[in-house]
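The values are calculated or read from the model by the stated rules, or taken from the named source; none is laboratory data. Just so you know, these numbers come straight off a predicted model, no measurement behind them. Don't worry about glycine lacking a Cβ; one is built from the backbone with ideal geometry, like all the others, and counts go over all protein chains shown.
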């Protein structure tokens, strides 16, 4: 395999499937399909990260049976080559809010069973200052401090938009107070950190495969469950089934205080989603050329802000028309 030739072919390909942090291009090495994964230019870090993705994929290989296999990791330039997994992305099978087939729901349960069993010894060291094993409150502070940093680094126009939309200067204060009351010690586990419909493929040969391990963390296992539930938009019955499956496969000590922990982290995710999507949806609204598209996006952003409002001490949430006007006044 000529990795550099495949990389150059991928760079020249205009039909890449782009995520937030990477461009993903299918290439052929003889008769073998592969995926070249290239960091996107200048993507703003909107998520907490810990390890390089190739290191994670190497570490989990003996434990997580349904994850992409790393074929090559380039350093200069930085890129990865993964095995290409044939199948359908789960969001193509059923959009947000629609019921999912048994194969997907069973696969999610199996995925959590395997991830929760990955030993710390298989993974890389965590940096100095990372919360110690079981320090769930410390882990929550880490998550919230990162979210606070997203708010603090806003440029002048984004800061003005935050203020116009009722986002407080400190969106994390109330959640930090809740952390002490609602979190109990739980042993840390490997967290994927980004399991949702677009990151899952249903493969005829391998079942459910979870992609994109770039946001993997070492922390409170209930956080991974909350992040997944928040991003996947299950129906009520599918959500109940996923919760029951997680409870079946999670070790007893990982389930300690799980209901209150889950409610807390779901609040964290709603808060962070509003912070991040004020920027992302704001740009989409500003770029939209059709009035109806702008209004739909503004209504979606308003729903995110309303959900977050229960977790911060901010101003009133504007109506969709006011959000649209604020974006066009401040970001265009």
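Looking at the stretch 216-332, what helices (runs of 4 or more DSSP H) fall wholly within it and have at least 2 residues that are closer than 28 Å to residue 133 by Cα and without any contact (Cβ under 8 Å) to a residue 12 or more places away in the chain?
Values: elements: 221-232, 236-249, 258-287, 291-309, 320-330.
Those helices (runs of 4 or more DSSP H) span 236-249.
Any chance the stretch 243-257 includes a residue that's surrounded by fewer than 22 Cβ atoms within 10 Å (Cβ to Cβ), closer than 22 Å to residue 107 by Cα, in the same structural domain as residue 301 (by TED's automatic domain parsing) and at pLDDT below 95?
Among the residues of the stretch 243-257, not one is surrounded by fewer than 22 Cβ atoms within 10 Å (Cβ to Cβ), closer than 22 Å to residue 107 by Cα, in the same structural domain as residue 301 (by TED's automatic domain parsing) and at pLDDT below 95, which makes the answer no.
Take the stretch 194-214 and flag every residue that is crowded, with 21+ Cβ neighbours inside 10 Å and in a loop (DSSP other than H, G, I, E, B).
194, 195, 211, 212, 213, 214, listed by residue number.
Hey, could you check the stretch 138-160 for residues that are outside any helix (DSSP H, G or I) and surrounded by fewer than 16 Cβ atoms within 10 Å (Cβ to Cβ) and say which is farthest from the chain's Cα centre (by Cα)?
155
From the list 190, 165, 183, exactly one residue is surrounded by 18 or more Cβ atoms within 10 Å (Cβ to Cβ) and either over 26 Å from residue 44 (Cβ atoms) or not assigned by TED's automatic domain parsing to the domain that holds residue 252 (or both). Which is it? Reasoning before the result, please.
Numbers: 190 fails: either over 26 Å from residue 44 (Cβ atoms) or not assigned by TED's automatic domain parsing to the domain that holds residue 252 (or both); 165 fails: either over 26 Å from residue 44 (Cβ atoms) or not assigned by TED's automatic domain parsing to the domain that holds residue 252 (or both).
It is 183.
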